[in-house]
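The structure under discussion appears below in the form of C-alpha coordinates.
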Amino acid sequence: EAKKRGKNQAVRYSQEQNDAIEYRLYVEQGLYNALTNKELHATFQPIVNSDRKIVALEALCRWHSQDIGNINPASFIPVAEETGLINALGLKMLREVCIAHRLLRESGHPHIKLHVNVSILQLNSAMMVQEFLNYLADFGVVPEDLVLEVTESVMHDFNTRKVLKELSQKGFGIAIDDFGAGYASVSELSEPFTTIVKLDKSLAPTNDENSKQNIIAESLVNLCHRLDKKVLFEGIESEAQADFATRAGSHYMQGYLFARPMSLMEVVSLLDSVEQQTN
Ligand code: C2E
Ligand code: MG
Ligand code: MG
Ligand code: MG
(Lines give C-alpha, C1' and ligand atoms only; values in the text may rest on other atoms or scores of the structure.)
(Ligands and ions follow the chains in the order given, each with its own letter.)
Protein backbone atom coordinates (compact mmCIF):
# COMPACT_ATOMS: atom_id res chain seq x y z
CA GLU A 1 0.00 0.00 0.00
CA ALA A 2 2.74 2.41 0.98
CA LYS A 3 4.67 1.46 -2.12
CA LYS A 4 1.63 2.05 -4.28
CA ARG A 5 1.05 5.47 -2.74
CA GLY A 6 4.69 6.36 -3.15
CA LYS A 7 4.52 5.42 -6.79
CA ASN A 8 1.35 7.42 -7.29
CA GLN A 9 2.89 10.40 -5.63
CA ALA A 10 5.87 10.24 -7.93
CA VAL A 11 3.68 10.90 -10.94
CA ARG A 12 1.16 13.10 -9.25
CA TYR A 13 1.58 16.12 -7.08
CA SER A 14 2.76 15.80 -3.53
CA GLN A 15 0.11 16.03 -0.85
CA GLU A 16 1.26 19.53 -0.05
CA GLN A 17 1.05 20.67 -3.66
CA ASN A 18 -2.35 19.05 -3.94
CA ASP A 19 -3.58 20.94 -0.90
CA ALA A 20 -2.27 24.19 -2.31
CA ILE A 21 -3.97 23.58 -5.64
CA GLU A 22 -7.23 22.63 -4.00
CA TYR A 23 -7.09 25.68 -1.76
CA ARG A 24 -6.42 27.91 -4.71
CA LEU A 25 -9.34 26.36 -6.62
CA TYR A 26 -11.57 26.86 -3.62
CA VAL A 27 -10.55 30.49 -3.34
CA GLU A 28 -11.20 31.02 -7.02
CA GLN A 29 -14.64 29.43 -6.95
CA GLY A 30 -15.59 30.76 -3.57
CA LEU A 31 -14.66 34.38 -4.18
CA TYR A 32 -17.38 34.95 -6.73
CA ASN A 33 -20.01 33.65 -4.32
CA ALA A 34 -18.45 35.49 -1.41
CA LEU A 35 -19.02 38.77 -3.24
CA THR A 36 -22.74 38.14 -3.44
CA ASN A 37 -23.44 36.27 -0.21
CA LYS A 38 -21.89 38.81 2.11
CA GLU A 39 -18.90 36.79 3.22
CA LEU A 40 -16.68 39.77 2.39
CA HIS A 41 -16.59 42.80 4.61
CA ALA A 42 -14.34 45.67 5.57
CA THR A 43 -12.41 46.13 8.78
CA PHE A 44 -10.90 49.47 9.67
CA GLN A 45 -7.46 50.13 11.08
CA PRO A 46 -6.88 53.50 12.76
CA ILE A 47 -4.12 55.82 11.54
CA VAL A 48 -2.81 58.30 14.11
CA ASN A 49 -0.99 61.62 13.80
CA SER A 50 2.17 62.55 15.72
CA ASP A 51 0.01 63.44 18.75
CA ARG A 52 -1.37 59.92 18.50
CA LYS A 53 -4.85 61.12 17.74
CA ILE A 54 -6.85 59.02 15.30
CA VAL A 55 -7.14 61.01 12.09
CA ALA A 56 -7.97 58.34 9.53
CA LEU A 57 -9.01 54.73 9.04
CA GLU A 58 -7.73 52.26 6.46
CA ALA A 59 -10.36 49.87 5.12
CA LEU A 60 -9.00 46.33 4.84
CA CYS A 61 -10.94 43.54 3.18
CA ARG A 62 -11.83 40.43 5.17
CA TRP A 63 -13.25 37.15 3.94
CA HIS A 64 -14.84 34.80 6.40
CA SER A 65 -15.80 31.65 4.51
CA GLN A 66 -18.59 29.48 5.91
CA ASP A 67 -16.66 26.43 4.73
CA ILE A 68 -13.02 27.05 5.56
CA GLY A 69 -12.96 30.02 7.89
CA ASN A 70 -10.89 33.16 7.50
CA ILE A 71 -8.89 33.60 4.31
CA ASN A 72 -6.06 36.16 4.18
CA PRO A 73 -6.09 39.05 1.74
CA ALA A 74 -2.64 37.87 0.69
CA SER A 75 -4.35 34.70 -0.64
CA PHE A 76 -7.46 36.16 -2.20
CA ILE A 77 -6.50 39.63 -3.47
CA PRO A 78 -4.12 38.20 -6.11
CA VAL A 79 -6.85 35.74 -7.14
CA ALA A 80 -9.34 38.60 -7.39
CA GLU A 81 -6.87 40.40 -9.64
CA GLU A 82 -6.29 37.38 -11.87
CA THR A 83 -9.99 36.63 -12.27
CA GLY A 84 -11.09 40.22 -12.77
CA LEU A 85 -13.24 40.10 -9.63
CA ILE A 86 -11.10 42.88 -8.16
CA ASN A 87 -13.33 45.51 -9.78
CA ALA A 88 -16.39 44.20 -7.97
CA LEU A 89 -14.39 43.77 -4.77
CA GLY A 90 -13.07 47.31 -5.09
CA LEU A 91 -16.54 48.77 -5.49
CA LYS A 92 -17.77 46.71 -2.57
CA MET A 93 -14.99 48.20 -0.43
CA LEU A 94 -15.78 51.69 -1.70
CA ARG A 95 -19.37 51.13 -0.63
CA GLU A 96 -18.29 50.05 2.86
CA VAL A 97 -16.08 53.12 3.07
CA CYS A 98 -19.00 55.36 2.11
CA ILE A 99 -21.17 53.73 4.76
CA ALA A 100 -18.40 54.24 7.32
CA HIS A 101 -18.08 57.86 6.23
CA ARG A 102 -21.77 58.41 6.88
CA LEU A 103 -21.72 56.69 10.27
CA LEU A 104 -18.67 58.68 11.39
CA ARG A 105 -20.39 61.94 10.49
CA GLU A 106 -23.59 60.87 12.20
CA SER A 107 -21.72 59.89 15.35
CA GLY A 108 -19.85 63.18 15.64
CA HIS A 109 -16.48 62.32 14.07
CA PRO A 110 -16.52 64.32 10.86
CA HIS A 111 -12.78 64.81 10.53
CA ILE A 112 -11.81 61.19 10.12
CA LYS A 113 -10.49 60.45 6.62
CA LEU A 114 -10.94 57.09 4.99
CA HIS A 115 -8.24 55.16 3.14
CA VAL A 116 -9.07 52.44 0.67
CA ASN A 117 -6.69 50.14 -1.18
CA VAL A 118 -6.96 50.26 -4.93
CA SER A 119 -5.50 47.68 -7.27
CA ILE A 120 -3.66 48.59 -10.44
CA LEU A 121 -6.35 46.74 -12.38
CA GLN A 122 -8.98 49.15 -11.15
CA LEU A 123 -6.91 52.01 -12.50
CA ASN A 124 -6.60 50.90 -16.09
CA SER A 125 -10.01 51.95 -17.21
CA ALA A 126 -10.86 55.51 -18.16
CA MET A 127 -14.38 54.93 -16.85
CA MET A 128 -13.08 54.29 -13.38
CA VAL A 129 -12.83 57.93 -12.32
CA GLN A 130 -16.44 58.68 -13.19
CA GLU A 131 -17.60 55.41 -11.66
CA PHE A 132 -15.93 56.32 -8.38
CA LEU A 133 -17.32 59.86 -8.43
CA ASN A 134 -20.86 58.61 -9.11
CA TYR A 135 -20.56 56.13 -6.31
CA LEU A 136 -19.45 58.78 -3.86
CA ALA A 137 -22.10 61.24 -4.99
CA ASP A 138 -24.81 58.70 -4.15
CA PHE A 139 -23.56 58.72 -0.57
CA GLY A 140 -22.82 62.43 -0.38
CA VAL A 141 -19.10 61.78 0.07
CA VAL A 142 -16.56 64.22 -1.37
CA PRO A 143 -13.25 62.91 -2.81
CA GLU A 144 -11.34 65.11 -0.35
CA ASP A 145 -12.39 62.80 2.49
CA LEU A 146 -10.85 59.76 0.81
CA VAL A 147 -7.29 58.57 0.30
CA LEU A 148 -6.66 55.93 -2.36
CA GLU A 149 -3.75 53.64 -1.51
CA VAL A 150 -1.83 52.27 -4.45
CA THR A 151 1.32 50.19 -4.42
CA GLU A 152 4.37 51.85 -5.85
CA SER A 153 4.46 49.50 -8.85
CA VAL A 154 1.44 51.25 -10.37
CA MET A 155 3.59 54.32 -10.80
CA HIS A 156 5.58 52.63 -13.55
CA ASP A 157 2.63 52.45 -15.89
CA PHE A 158 1.84 55.45 -18.07
CA ASN A 159 -1.91 54.85 -18.21
CA THR A 160 -2.42 54.27 -14.52
CA ARG A 161 -0.42 57.40 -13.78
CA LYS A 162 -2.78 59.32 -16.02
CA VAL A 163 -5.79 57.96 -14.13
CA LEU A 164 -4.13 58.76 -10.79
CA LYS A 165 -3.44 62.29 -11.93
CA GLU A 166 -7.09 62.68 -12.83
CA LEU A 167 -8.24 61.26 -9.49
CA SER A 168 -5.96 63.67 -7.72
CA GLN A 169 -7.35 66.59 -9.74
CA LYS A 170 -10.83 65.55 -8.63
CA GLY A 171 -9.70 65.86 -5.02
CA PHE A 172 -8.79 62.33 -3.90
CA GLY A 173 -5.73 61.94 -1.73
CA ILE A 174 -3.26 59.45 -3.20
CA ALA A 175 -0.98 57.37 -0.98
CA ILE A 176 1.93 55.24 -2.17
CA ASP A 177 1.50 52.04 -0.16
CA ASP A 178 4.33 49.78 1.04
CA PHE A 179 6.98 52.20 -0.16
CA GLY A 180 10.38 50.55 0.00
CA ALA A 181 9.10 47.00 -0.19
CA GLY A 182 9.26 46.38 -3.89
CA TYR A 183 10.75 48.13 -6.84
CA ALA A 184 10.86 51.48 -5.17
CA SER A 185 12.18 54.32 -7.18
CA VAL A 186 12.94 57.52 -5.36
CA SER A 187 11.76 59.50 -8.37
CA GLU A 188 8.22 58.32 -7.62
CA LEU A 189 8.29 60.50 -4.54
CA SER A 190 8.35 63.53 -6.78
CA GLU A 191 5.07 62.68 -8.51
CA PRO A 192 2.93 65.74 -7.88
CA PHE A 193 -0.23 63.70 -7.30
CA THR A 194 1.03 61.63 -4.38
CA THR A 195 0.00 63.17 -1.10
CA ILE A 196 1.11 60.49 1.37
CA VAL A 197 4.03 58.06 1.37
CA LYS A 198 3.44 54.96 3.46
CA LEU A 199 6.77 53.47 4.45
CA ASP A 200 6.58 49.69 4.36
CA LYS A 201 6.66 47.60 7.54
CA SER A 202 10.12 46.42 6.55
CA LEU A 203 11.34 49.99 7.15
CA ALA A 204 9.74 50.27 10.60
CA PRO A 205 12.44 51.37 13.07
CA THR A 206 14.62 48.75 14.77
CA ASN A 207 15.69 48.74 18.41
CA ASP A 208 19.20 49.68 17.45
CA GLU A 209 18.79 53.43 17.03
CA ASN A 210 21.69 53.69 14.63
CA SER A 211 20.87 50.74 12.42
CA LYS A 212 21.15 51.20 8.68
CA GLN A 213 17.42 50.63 8.42
CA ASN A 214 16.76 53.54 10.76
CA ILE A 215 19.14 55.77 8.86
CA ILE A 216 17.32 54.97 5.63
CA ALA A 217 13.91 55.50 7.23
CA GLU A 218 14.94 58.81 8.76
CA SER A 219 16.36 60.03 5.46
CA LEU A 220 13.19 59.05 3.64
CA VAL A 221 11.16 61.07 6.12
CA ASN A 222 13.39 64.09 5.46
CA LEU A 223 13.06 63.57 1.74
CA CYS A 224 9.27 63.44 2.00
CA HIS A 225 9.25 66.65 4.02
CA ARG A 226 11.35 68.43 1.45
CA LEU A 227 9.16 67.15 -1.39
CA ASP A 228 6.07 68.31 0.48
CA LYS A 229 4.62 64.82 1.02
CA LYS A 230 3.11 63.51 4.21
CA VAL A 231 4.82 60.40 5.51
CA LEU A 232 3.41 57.46 7.44
CA PHE A 233 5.15 54.56 9.17
CA GLU A 234 3.34 51.24 8.78
CA GLY A 235 3.63 48.28 11.12
CA ILE A 236 4.46 50.20 14.31
CA GLU A 237 4.29 47.62 17.09
CA SER A 238 6.36 49.09 19.94
CA GLU A 239 6.75 52.32 21.90
CA ALA A 240 10.38 52.54 20.81
CA GLN A 241 9.39 52.38 17.17
CA ALA A 242 6.70 55.02 17.62
CA ASP A 243 9.18 57.25 19.46
CA PHE A 244 11.74 56.98 16.71
CA ALA A 245 9.15 57.63 14.00
CA THR A 246 7.87 60.73 15.79
CA ARG A 247 11.37 62.10 16.40
CA ALA A 248 12.21 61.50 12.76
CA GLY A 249 9.28 63.74 11.85
CA SER A 250 6.70 61.23 10.67
CA HIS A 251 3.27 62.80 10.19
CA TYR A 252 1.30 59.61 10.69
CA MET A 253 1.67 56.12 12.16
CA GLN A 254 -0.26 52.90 11.87
CA GLY A 255 0.25 49.56 13.58
CA TYR A 256 -0.76 47.13 16.27
CA LEU A 257 0.67 49.43 18.98
CA PHE A 258 -2.23 51.82 18.35
CA ALA A 259 -4.96 49.56 17.07
CA ARG A 260 -5.60 46.44 15.04
CA PRO A 261 -8.06 46.41 12.17
CA MET A 262 -11.52 46.38 13.77
CA SER A 263 -15.21 46.60 13.00
CA LEU A 264 -16.83 49.94 12.34
CA MET A 265 -18.75 49.72 15.62
CA GLU A 266 -15.54 49.12 17.54
CA VAL A 267 -13.91 52.09 15.82
CA VAL A 268 -16.79 54.37 16.74
CA SER A 269 -16.71 53.34 20.39
CA LEU A 270 -12.94 53.77 20.43
CA LEU A 271 -13.34 57.28 19.01
CA ASP A 272 -16.11 58.03 21.54
CA SER A 273 -13.99 56.86 24.48
CA VAL A 274 -10.92 58.82 23.39
CA GLU A 275 -13.06 61.92 23.07
CA GLN A 276 -14.41 61.50 26.61
CA GLN A 277 -10.90 61.30 28.01
CA THR A 278 -9.85 64.59 26.41
CA ASN A 279 -13.05 66.45 27.36
P1 C2E B 1 -1.62 47.01 3.15
O2 C2E B 1 -2.59 47.86 2.42
O3 C2E B 1 -0.21 47.45 3.19
O4 C2E B 1 -2.23 46.87 4.62
C5 C2E B 1 -1.45 46.74 5.78
C6 C2E B 1 -1.41 45.32 6.26
O7 C2E B 1 -0.56 45.23 7.41
C8 C2E B 1 -2.75 44.76 6.70
O9 C2E B 1 -2.75 43.36 6.42
C10 C2E B 1 -2.74 45.00 8.21
O11 C2E B 1 -3.61 44.15 8.92
C12 C2E B 1 -1.30 44.71 8.51
N13 C2E B 1 -0.81 45.40 9.72
C14 C2E B 1 -1.26 46.54 10.28
N15 C2E B 1 -0.55 46.90 11.36
C16 C2E B 1 0.39 45.94 11.52
C17 C2E B 1 1.45 45.74 12.48
O18 C2E B 1 1.67 46.51 13.40
N19 C2E B 1 2.22 44.63 12.30
C20 C2E B 1 2.01 43.74 11.29
N21 C2E B 1 2.81 42.68 11.21
N22 C2E B 1 1.03 43.92 10.35
C23 C2E B 1 0.23 44.99 10.47
P24 C2E B 1 -3.97 42.63 5.71
O25 C2E B 1 -5.26 43.19 6.19
O26 C2E B 1 -3.72 41.18 5.82
O27 C2E B 1 -3.82 43.07 4.18
C28 C2E B 1 -2.73 42.70 3.42
C29 C2E B 1 -2.71 43.41 2.09
O30 C2E B 1 -3.82 43.00 1.28
C31 C2E B 1 -2.86 44.92 2.21
O32 C2E B 1 -1.63 45.52 2.56
C33 C2E B 1 -3.32 45.27 0.80
O34 C2E B 1 -2.23 45.32 -0.07
C35 C2E B 1 -4.18 44.08 0.45
N36 C2E B 1 -5.60 44.44 0.67
C37 C2E B 1 -6.35 44.35 1.79
N38 C2E B 1 -7.60 44.80 1.58
C39 C2E B 1 -7.65 45.20 0.27
C40 C2E B 1 -8.67 45.77 -0.57
O41 C2E B 1 -9.80 46.05 -0.17
N42 C2E B 1 -8.32 46.01 -1.88
C43 C2E B 1 -7.07 45.75 -2.37
N44 C2E B 1 -6.81 46.02 -3.66
N45 C2E B 1 -6.09 45.23 -1.60
C46 C2E B 1 -6.37 44.96 -0.30
MG1 MG C 1 -2.84 49.83 2.30
MG1 MG D 1 0.84 49.01 3.35
MG1 MG E 1 0.96 45.62 2.22
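Return the only residue of Val141, Val150, Val154 being under 30 Å from Leu270 (Cβ atoms), of a type outside the set (Lys, Arg) and within 16 Å of ligand 3 (Cβ to nearest atom). Lay out the reasoning, then the answer.
Details: Val141 fails: within 16 Å of ligand 3 (Cβ to nearest atom); Val154 fails: under 30 Å from Leu270 (Cβ atoms).
Among Val141, Val150, Val154, only Val150 is under 30 Å from Leu270 (Cβ atoms), of a type outside the set (Lys, Arg) and within 16 Å of ligand 3 (Cβ to nearest atom).
When segment 229-240 is filtered for residues that are away from ligand 3 (no atom under 14 Å from the Cβ) and touching a Ser or Thr at 6+ places or on another chain (Cβ under 8 Å), the ones remaining, listed by number, are Lys229, Lys230.
Residues in segment 77-89: is at least one assigned to a loop (DSSP other than H, G, I, E, B) and in contact with a helix residue (DSSP H, G or I) (Cβ under 8 Å, 6 or more places away or on another chain)? Outline the logic, then answer.
Taking segment 77-89 first, the residues assigned to a loop (DSSP other than H, G, I, E, B) are 84-85.
Add one more test, that the residue is in contact with a helix residue (DSSP H, G or I) (Cβ under 8 Å, 6 or more places away or on another chain), and what stays is 84-85.
Yes, because at least one residue in segment 77-89 is assigned to a loop (DSSP other than H, G, I, E, B) and in contact with a helix residue (DSSP H, G or I) (Cβ under 8 Å, 6 or more places away or on another chain).
Being modelled with pLDDT under 90, surrounded by fewer than 17 Cβ atoms within 10 Å (Cβ to Cβ), at negative phi and touching a helix residue (DSSP H, G or I) at 6+ places or on another chain (Cβ under 8 Å) is true for just one of Tyr135, Tyr183. Which residue is that?
Details: Tyr135 fails: modelled with pLDDT under 90.
Answer to the check: Tyr183.
Regarding Ala88, is this residue under 29 Å from Glu239 (Cα atoms) and not hydroxyl-bearing (Ser, Thr, Tyr)? Judged against the criteria, Ala88 is not a match. Scanning segment 88-129 for residues that are at pLDDT below 95, among the polar types (S, T, N, Q) and either over 20 Å from Leu60 (Cα atoms) or touching a Lys or Arg at 6+ places or on another chain (Cβ under 8 Å) (or both) yields Asn124, Ser125.
Any idea which of (1) in contact with an Asp or Glu (Cβ under 8 Å, 6 or more places away or on another chain); (2) closer than 23 Å to Pro78 by Cβ is the one Gly173 doesn't satisfy? Condition (2) is where Gly173 drops out. Somewhere in segment 38-59, is a residue more than 10 Å from ligand 1 (Cβ to nearest atom) and modelled with pLDDT under 90? Yes, segment 38-59 contains at least one residue that is more than 10 Å from ligand 1 (Cβ to nearest atom) and modelled with pLDDT under 90.
Contact map, segment 208-237: first residue touching a residue at least 60 places away in the same chain (Cβ under 8 Å), second residue assigned to a helix (DSSP H, G or I) and among the charged types (D, E, K, R), Cβ cut-off under 7 Å, separation 6 or more or different chains; the map is empty. Return the residues of segment 15-67 that are surrounded by 14 or more Cβ atoms within 10 Å (Cβ to Cβ), free of Cβ contacts under 8 Å to residues at least 40 places away in the same chain and acidic (Asp, Glu); say none if nothing qualifies. If the condition is that a residue be surrounded by 14 or more Cβ atoms within 10 Å (Cβ to Cβ), free of Cβ contacts under 8 Å to residues at least 40 places away in the same chain and acidic (Asp, Glu), then Glu39 is the only one that fits.
Within the bounds of segment 223-233, is there any residue that is of a type outside the set (A, V, I, L, M, F, W, C) and in contact with a strand residue (DSSP E or B) (Cβ under 7 Å, 6 or more places away or on another chain)?
The first filter runs over segment 223-233 and keeps only residues of a type outside the set (A, V, I, L, M, F, W, C), leaving 225-226, 228-230.
Filter again for in contact with a strand residue (DSSP E or B) (Cβ under 7 Å, 6 or more places away or on another chain), leaving 229-230.
Scanning segment 223-233, I find at least one residue that is of a type outside the set (A, V, I, L, M, F, W, C) and in contact with a strand residue (DSSP E or B) (Cβ under 7 Å, 6 or more places away or on another chain), so the answer is yes.
Would you confirm whether any residue within segment 227-235 is over 20 Å from the mean Cα position of the chain (by Cα), more than 16 Å from ligand 4 (Cβ to nearest atom) and at negative phi? Yes: one or more hits.
Every residue, every condition in (1) surrounded by 16 or more Cβ atoms within 10 Å (Cβ to Cβ); (2) more than 16 Å from ligand 1 (Cβ to nearest atom); (3) at pLDDT below 90; (4) assigned to a strand (DSSP E or B), yes or no:
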{"residue": "Leu148", "(1), (2), (3), (4)": "yes, no, no, yes"}
{"residue": "Thr160", "(1), (2), (3), (4)": "yes, no, yes, no"}
{"residue": "Ile176", "(1), (2), (3), (4)": "yes, no, no, yes"}
{"residue": "Ser187", "(1), (2), (3), (4)": "no, yes, yes, no"}
{"residue": "Thr194", "(1), (2), (3), (4)": "yes, no, no, no"}
{"residue": "Asn210", "(1), (2), (3), (4)": "no, yes, yes, no"}
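What are the residues in segment 196-208 that are surrounded by 12 or more Cβ atoms within 10 Å (Cβ to Cβ) and either part of a loop (DSSP other than H, G, I, E, B) or more than 23 Å from the chain's Cα centre (by Cα) (or both), if any? The answer is Asp200, Ala204, Pro205, Thr206. Here Phe244 fulfils each of the conditions (1) in contact (Cβ under 8 Å) with a residue 12 or more places away in the chain; (2) not in a helix (DSSP H, G or I) apart from (2).
The values are calculated or read from the model by the stated rules, or taken from the named source; none is laboratory data. What you see is a predicted model, and the numbers here were worked out from it, not measured in a lab. Heads up, the Cβs are rebuilt from the backbone with ideal geometry, glycines too, and the neighbour counts pull from every protein chain shown.
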